[in-house]
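Enquirer: Submitted below is the structure of interest, expressed as structure tokens.
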Amino acid sequence: MHAMLMQTDPKPASTDGANKTADPVARRRTFAIISHPDAGKTTLTEKLLLFGGAIQLAGEVKAKRNRVSTRSDWMGIEKERGISVVTSVMTFEYGDCVFNLLDTPGHEDFSEDTYRTLTAVDSAVMVIDAAKGIEARTRKLFEVCRLRDIPIVTFVNKLDREARDPFELLDEIEKTLALDVAPVTWPIGRGRSFAGTYDLGNNRVRRLDAADDAGTVPVSGIDDPLFDQLLTEQGEAATWREEAELAEGGLKRFDLAAFREGHLTPVFFGSALRNFGVRDLIDGLARVAPPPRGQDADKRRIEPTEPKMTGFVFKIQANMDPNHRDRIAFMRVCSGQLRRGMKAKLVRTGKPIPLTAPQFFFAQDRAIADEAFAGDVVGIPNHGTLRIGDTLTEGEEIVFRGVPSFAPEIMRRIKLGDAMKAKKLKEALQQMGEEGVVQVFVPQDGSQAIVGVVGALQLDVLKERLQAEYGLPVDYDQTRFSVCRWIESDTEIEIDKFVESHGSAMAKDLDGAPVFMAATAFSLRYEQERWEKIRFTDVKDYQ
Ligand code: G4P
């Protein structure tokens, strides 16, 4: 299993025996990192991958930001702006665990991709800048995790720089996120005097000046003279002792059940840049982060330990490798064992789909996956057969729920320079819609397609891709619509009546579902009040 995953770290994770098991499902940790831009996600990712031996040298992930071409850096727009628009997955082994780290785009825009990625993880690491605390995007992503009860591990980063008081930071997490906090480590000094961390309740110290591999050193308690050596400024050690005593005695202790239910977050302090505290974090993930959880499908809940393979596609990415115009569907395996060469059933069409070359992804590379288990994310190359939200099984007619599509907040009508290319545009939009780049609405009155996005950046991505991949120069026109909703009702007749009386404001999405477009939120509310038997929804499950 995972023969090509080399474990290069000589020191096993201290899993306290909890996960020392050959059970492939129990070993898996599938997680994402959520943070505000600049908090240190890229740096932390790089260090985590180093622990897993997935990359050889620090700086390889960073290269992406510095516009050196890497595999995932295929898109011009990404290079231009130095941001990662695409979401990718990185698999690595550390200690007894197989980690699947799902990367989320780092730019400020709300991105549906990010949200869908969070439907495929079992836990998340929340990175906070110690000088800034909870920032807007962190909070937004946290709310998505909360909706799905995803347990959160917190890493307070940049302790080597001027940082806020740790109590104040913990208080902010607790208050703004309504989440209990339980510090696992406690910083010894901060900013220029940052000297290490104290393992609360375990009488051990990790020194900043020691090699990371040196591990922790025992102390007799917070009165140990070591703290006087580490904190040399006048009164510093005494103040720290007071703080540490309060942290040890006055704050909540870690509680596995509360954490797994998403009510409490263990907090680690460190510096990703100095590769400090990262080992504690990864050991913590191995120890307490949940293995793959059950997933809800339309007819029943699927447990990860069930023998038959099931999975859902949460992301499609085109042209990962410009030399091969391929399209990769990222599927989270939910149960059973995916074996290379097996035939799976694509439930949406009922057709078999051969899994001849499923792939695992590493920091730089990908490799054929001979087998994968619940919690793993595999890339399935295809030529447009797979869509976001698709369920694959070994025959069972179930559909996983919860890979959402959000009602767009920005709507534009496509303007095509060359009318001869209308057919090509239609095909291209179909593809882009299926990949989840934009949502495509075909107006009932036969006018030009309208595209909808949640973040404005996606409009640029669409424009660039239509030009680069299809040779279609497009522009956007304003539309008179600013909001849209999918409409549903218990009676077909009611839908028909509504559609008939709103002719030019009606469109169909890619699945043919009726969409009502309104000029303003006010006019939407007006219709909602008039049409009581119609449900107007702003989130749609992919079918
Ligand atoms: P992001 O992916 O969350 O956007 O953050 P990223 O890791 O790119 O880090 C943002 C900046 O913060 C980088 O500096 C990075 O070096 C710095 N940084 C990350 N972790 C730490 C830390 O623990 N301590 C300190 N002092 N700095 C940290 P930059 O100047 O924007 O980039 P670069 O020029 O250093 O590459």
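Read-outs: derived from the displayed coordinates by stated rules, not from any lab. Computed from a predicted model, the values in this text were never measured in an experiment. Heads up, the Cβs are rebuilt from the backbone with ideal geometry, glycines too, and the neighbour counts pull from every protein chain shown.
Enquirer: By the scheme Lys and Arg +1, Asp and Glu -1, what is the net charge of all other residues having a beta-carbon under 15 Å from that of Asp475? Walk me through the intermediate numbers first.
Expert: On the way: positive: Arg412, Arg413, Lys415, Lys421, Lys463, Arg465; negative: Asp418, Asp460, Glu464, Asp477.
The answer is +2.
Enquirer: Now, a different point. Between Tyr476 and Lys308, what length in nm is gained on full extension when 0.36 nm per residue of separation is reduced by their alpha carbon distance?
Expert: 55.8 nm
Enquirer: Next up: Using 23 Å as the Cα-Cα cut-off, could you pick out the over-long pairs in Lys351/Lys497; Lys421/Lys497; Lys299/Lys426; Lys315/Lys351?
Expert: Details: Lys351/Lys497 35 Å; Lys421/Lys497 35 Å; Lys299/Lys426 35 Å; Lys315/Lys351 20 Å.
Violating the 23 Å Cα-Cα cut-off are Lys351/Lys497; Lys421/Lys497; Lys299/Lys426.
Enquirer: Further question on the same structure: Can you list the lysines whose alpha carbon sits under 26 Å from that of Lys158, skipping same-chain ones fewer than 8 residues off?
Expert: Answer for Lys158, where 26 Å is the Cα cut-off: Lys11, Lys41, Lys47, Lys62, Lys64, Lys132, Lys140, Lys175, Lys252, listed by chain and number.
Enquirer: Report the gain in length on full extension from Gln528 to Gln467: 0.36 nm times residue separation, minus Cα-Cα distance, nm rounded to one decimal. Kindly include the intermediate steps, with their values, before the conclusion.
Expert: Numbers: separation 61, 0.36 × 61 = 21.96 nm, distance 3.91 nm.
Full extension of this stretch gives 18.1 nm more.
Enquirer: Rounded to the nearest 20 Debye, what is the dipole magnitude of the stretch 404-541 about its Cα centre when Lys and Arg each give +1 and Asp and Glu each give -1 at the C-beta? Intermediate results must be reported in sequence, preceding the final value.
Expert: Details: 18 positive and 24 negative charges, 95 e Å.
The calculation lands at about 460 debye.
Enquirer: Could I ask something else about it? Evaluate the distance, in nm, between pseudo-label points positioned 7 Å from the Cα of Glu427 and of Leu246 along their respective Cα→Cβ axes.
Expert: 6.8
Enquirer: Quick one: plug the Kirkwood hydrodynamic radius of the stretch 406-503 (C-alpha pairs) into Stokes-Einstein at 37 °C, 0.692 mPa s, and report D in µm²/s.
Expert: The diffusion coefficient I find is 228 µm²/s.
Enquirer: Further, regarding this structure: As I understand it, the dipole of the stretch 456-543 uses +1 on the Cβ of Lys and Arg and -1 on the Cβ of Asp and Glu, about the Cα centre. Which of Leu459, Leu510, Thr520 lies farthest toward its positive end?
Expert: Result: Thr520.
Enquirer: Something else about it: Arg204 to Asp223: extension gain in nm, 0.36 nm per residue of separation minus the Cα-Cα distance?
Expert: The Arg204-Asp223 span can extend by a further 5.6 nm.
Enquirer: Using the 10 angstrom Cβ neighbour count as an exposure proxy, how do Ile495, Ile33 rank, fewest first?
Expert: Fewest to most other Cβ atoms nearby, the residues stand as Ile495, Ile33.
Enquirer: If neighbour count is taken as other Cβ atoms inside 10 Å, put Lys175, Lys508 in order from fewest to most.
Expert: The fewest-first ordering by Cβ neighbours comes to Lys175, Lys508.
Enquirer: Residue by residue through the stretch 497-508, which ³J(HN,Hα) values in whole Hz follow from phi under the Karplus form 6.51 cos²θ - 1.76 cosθ + 1.60 (θ = phi - 60°), with glycine and proline marked x?
Expert: The phi angles translate into 4, 5, 4, 4, 8, 10, x, 7, 9, 9, 9, 10 Hz.
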